[in-house]
Each structure stands twice: as C-alpha cells, then as structure tokens.
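Novice: There's a structure below that I have some questions on.
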Amino acid sequence: MRHIIDFNDMTMDEWNSLYSLCREIMANPMDFRDELRGKTMASLFFEPSTRTNFSFQTAMLKLGGGVFGFSDPQFSSVSKGETIKDTVIMCSSYADVIVMRTPWEGSAKAASLYSQCPVINAGDGGHLHPTQTLADLTTITELRGSASNLNIGLCGDLKNGRTVHSLIKALSRFENVSFFLISPRELAIPSYVRSFMNENGQKYVEVSNLESTMPQLDVLYMTRIQRERFSDPAEYERHRHAYILNAQKMKLARKDMIVMHPLPRVDEISQDVDGDPRAAYFKQAEYGLYIRMALLLSVTRDGKGLPEFVAPEVRPHACHNPRCITATNPYLPIINKQENGTVCCGYCDKEI
Ligand code: CP
C-alpha cells in the first residue's frame, strides 16, 4: 500500500512510469474509462480548492470510479470535534483511496498512520503539495522535453507556498537545475527547505528583484502571496503587491521561457499575460488532471491493508510549530528525523 505524502516518496523509475502512463492516458483517455470501476475515492477537503479537488474528482470519474467526501468540513463530523485519526479510520474503511487537504502541516503523514487505503496529500498547510508537483513536472517535461538543465525562477511567497517547497524537493532528483528564489526577505523559503537544498547540493541564489532575474530563466514559476497563512493582516498588506508580472515585463524574458503558476492567482500575473504563448498556467492545471488519473491508477493497484495499531503518546510533542498537526492532535506518535545533523519533526519537517 503506497501513500503519497511527499514527491520524494517515489523513486525516479516510479516517476518515469507514472509520466509514461499519463502520456498514454492523454493520447487515448477512453481506453481507461473502466479501469477503476467499483473503486471509490474519499475526497476530504478541509480547505478550499478548485483545481486539486475538482481534478481529482474528475480523474476518478473518468476512470469509472466513484467519489464521496466533503469540501467544507462543516458538513462532516469534524465540526463536532472528531479527530483526523477517527475520520481517516472511518473513511478508509469505505474508500479505496483518500485524497486529503488540510491547513495542518504534517496531517497527511498523520492520516497515513491510521488508513486502510492509500492516502494522497493534496496539500497540508504551508508544508507540501506533491500532486501539484506532479502537474508541474508534467508541464515542464511536456513543454521543454525535460526537467533537467533548467534555470527556474520561483517568485512570490516562498515561505508559505507549499507548491514551491514540494517542487524544490522534487527537482533535487534532476540534473543541473539552478534556482533563482525571488521573494521579499520576510517571505523567503523556510530554513528546513534551505537546509534540504544545501544538503542535496542544489544550486540556488536568493534575490528580491524579478526584472533583473527574468532574462536568465527557462521557467518562471509565479506564486500568490498566501493571505490565509498570515497571522498579521498588516504584514499581508505590505507584501501583497510585491511582484506583478505583466506584458511589459514579459519583454525581458527569453522567447522560449514558460510562465507557470499553481493557481489560483490574484493579481501577481496580469490578465494581459494570458494571451502570451509563453503563459503555461492553464495548460499546467489541465496536465494536473491526467497525471492525477495516472496516480489514482497506480496507488489503487495494490489494494487495501490494515495499518499497524499505533499506541497513543503519553509524552508531549517537542515540535513547536503551531501549525503542525501534532499541536492539535497530541495522541499522535512522536516521530522525529535527522536532517543534515538537525533533529526535525517527522510530520511537518520543522527543526525541533
Ligand atoms: N494549485 C492548487 O492547489 O489549486 P487549488 O487550491 O484550487 O486546488
């Protein structure tokens, strides 16, 4: 039984097989219309979503399967105080795969401890978003031929942008990738991501100016300033217009640069960029459907299994991240890991 918590849960051979399957699906989608008949997906969205939620649901329906779940936790017993653990135990007894998005970092990892079926992380707070990474890698590979030998600019809210964290980790597996991390200092990548890049010998520079960086890029990956992750609204207001890509600035870019964005956008990409042939963000969301079809086929192949019983903790968790799933679910087993000689939380990856 496979859970997809982080892109790096996959080997490169598995990624290459998944991408090949995605290409087969894109070429002949009707050949797959009955592949998951009789199987059911639980779609547990504790946070708003358009692309991830609807593309997963569409993917399951196009494969002949069924879907149940919620996109507003007010319509589940979570609103009565039910824990993630109990919700997952129940839903996994009904479903063949769980797709889950929450605001709590490390929640997909926590769910995987109790689930009878594969858990797919559809975004856990500001932590990771591995299936967006699958869509991103599919887009880069389809439009450029390869994700290796790449100058990629990641621009915007790199602190809270989970898609950026997942993509950086995933691109550590490809040859000769250089990162230009473009953000205000206050919204720079978290230290655990920087430690990961250092540990893996990734090439990167941290800069604040978009215009001077653009001419060097093969891919510009814009991100939204994530209002919902700011505890201080004034801080959000200070940064919300930090970067705005428009048609005028696109003149600074190479003719073959592609502009990506996980979406939703607010105003960080002006409407006048949409008609530029280098704007790839809507195509990127469409590729997300096909790669998620491939993923659902792949993870449901092995069937279900009972998880091992996990005894509740009696000691407090050492993780001090207030957004970590352990902050509100103290019964979770303590899982720590070593990253570059530092002890990190095994759920949210933050240093302890
Ligand atoms: N890219 C992405 O995760 O979009 P949604 O929030 O609409 O799912």
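Novice: Let me know the volume per residue of the alpha-carbon convex hull for the range 164-273, in Å³. Could the numbers behind the result be given before it?
Specialist: Values: hull volume 12.2 nm³, N = 110.
So the per-residue Cα hull volume is 111 Å³.
Novice: I've got another one for you. What percent do you get for the relative contact order of the chain when only Cα pairs under 8 Å and 6+ apart count? Don't skip to the answer; put the middle values down first.
Specialist: Details: 688 pairs, mean separation 67.9, N = 352.
In percent, rounded to a whole number, it is 19.
Novice: Over the Cα atoms of the range 223-322, what is the Rg over Rh ratio if Rh follows Kirkwood?
Specialist: Numbers: Rg = 21.1 Å, Rh = 18.1 Å.
On the Cα set of the range 223-322, Rg over Rh gives 1.16.
Novice: Remind me, what semi-axes does the chain give for its equivalent ellipsoid, largest first in whole Å, using sqrt of 5 times each Cα gyration tensor eigenvalue? Kindly include the intermediate steps, with their values, before the conclusion.
Specialist: Values: eigenvalues 195, 127, 70 Å².
Over the Cα atoms of the chain, the semi-axes work out to 31, 25, 19 Å.
Novice: While we're here: What order do you get for HIS241, HIS127, HIS165, HIS3 when you list them from fewest to most C-beta neighbours inside 10 Å? If you can, show how the numbers build up before the last one.
Specialist: On the way: HIS241 11, HIS127 30, HIS165 26, HIS3 20.
Sorted ascending by nearby Cβ count, the order is HIS241, HIS3, HIS165, HIS127.
Novice: While we're on this one: Can you give me the span-like helices of the chain, meaning DSSP H runs with 24 Å or more of Cα extent along the axis and Kyte-Doolittle mean at or above -0.5? Display every interim value, and only then the final one.
Specialist: Values: long enough: 281-300 (28 Å, 0.55).
TM-like helix candidates: 281-300.
Novice: Separate question: How would you rank 287-300, 98-111, 242-255, 308-321, highest first, on the average number of other Cβ atoms within 10 Å across their residues? Can you show the working numbers first?
Specialist: Working: 287-300: 23.7, 98-111: 26.6, 242-255: 15.5, 308-321: 12.6.
By packing density, highest mean first, the sequence is 98-111, 287-300, 242-255, 308-321.
Novice: Picking from LEU137, LEU128, LEU306, which is most flexible by a Gaussian network model of the chain using Cα springs under 10 Å?
Specialist: With Cα springs under 10 Å in the chain, the top fluctuation among LEU137, LEU128, LEU306 is at LEU306.
Novice: I need two numbers for the range 1-61: Rg to one decimal and Dmax as a whole number, Cα atoms only, in Å.
Specialist: Rg then Dmax for the range 1-61, in Å: 13.5, 34.
Novice: Kirkwood Rh over Cα pairs of the range 1-152 into Stokes-Einstein at 20 °C, 1.002 mPa s: D in µm²/s?
Specialist: Numbers: Rh = 16.3 Å.
Here the translational diffusion coefficient equals 131 µm²/s.
Novice: Per the helix-only calculation at 222 nm, which mean residue ellipticity applies to the chain, given -39500 (n - 2.57) for every DSSP H run of n ≥ 4 and division by its residues, nearest 500 deg cm²/dmol?
Specialist: Working: 12 runs with 118 residues, N = 352.
That calculation yields -10000 deg cm²/dmol at 222 nm.
Novice: Check cross-link reach from LYS350 to the lysines: straight Cα distance under 28 Å, and skip same-chain residues fewer than eight apart.
Specialist: Within the straight-line limit of under 28 Å, LYS350 reaches these lysines: LYS85, LYS109, LYS159, LYS169, LYS203, LYS337.
Novice: Report, largest value first, the span of the C-alpha coordinates of the range 311-352 along each principal axis, in whole Å.
Specialist: 28, 21, 12
Novice: Which Cys residues of the chain have no other Cys beta carbon under 4.7 Å away?
Specialist: So far as the 4.7 Å Cβ criterion goes, CYS22, CYS91, CYS117, CYS155, CYS344 stand without a partner in the chain.
Novice: I would also like to ask the following. Taking amide H atoms as placed 1.01 Å from N in the peptide plane, list the residues 5 or more away in sequence, or in a different chain, whose amide H sits under 5 Å from that of TRP104.
Specialist: Answer set, sorted by chain and number: GLY125.
Novice: Quickly work out the GLN248-to-ALA318 label distance, labels modelled 7 Å from Cα along the C-beta direction, and quote it in nm with one decimal.
Specialist: Inter-label distance under the simple model: 5.3 nm.
Novice: Suppose we keep just the DSSP beta bridges with both residues in the chain; what percent of those would be antiparallel, to 5?
Specialist: In the chain, approximately 10 percent of DSSP beta bridges are antiparallel ones.
Novice: Scan around ALA122 for amide H atoms under 5 Å from its own, H built in the peptide plane at 1.01 Å from N, and keep only partners 5 or more places away or cross-chain.
Specialist: MET100, ARG101
Novice: Return the sequence-ordered ³J(HN,Hα) values of the range 241-258 in whole Hz as given by the Karplus equation 6.51 cos²θ - 1.76 cosθ + 1.60 applied to θ = phi - 60°, using x for Gly and Pro.
Specialist: 10, 4, 9, 9, 8, 9, 4, 4, 5, 4, 5, 7, 8, 4, 5, 10, 5, 10
Novice: Evaluate the relative contact order of the range 130-279 (contact order divided by residue number), counting alpha-carbon pairs under 8 angstrom at least 6 apart; express in whole percent. Mind dumping the intermediate values first?
Specialist: Values: 247 pairs, mean separation 35.9, N = 150.
Worked out over the range 130-279, it gives 24 percent.
Novice: Then there is this: How much FRET efficiency would the formula 1/(1 + (r/R0)^6) give for VAL207 and MET1, where r is the Cβ-Cβ distance and R0 is 45 Å, rounded to 0.05? If you can, show how the numbers build up before the last one.
Specialist: Values: r = 43 Å, r/R0 = 0.95.
About 0.60, to the nearest 0.05.
Novice: Something else: Give the cross-link partners of LYS62 among the lysines, using a straight C-alpha distance below 21 Å as the criterion and excluding same-chain residues fewer than 8 apart.
Specialist: LYS39, LYS283
All of the numbers you see were taken from the coordinates with simple rules; none came from a lab. Every value quoted in this text rests on a predicted model; they were computed, and no experiment measured them. For neighbour counting, all protein chains shown are included, and Cβ atoms are generated from backbone atoms with ideal geometry for every residue, glycine included.
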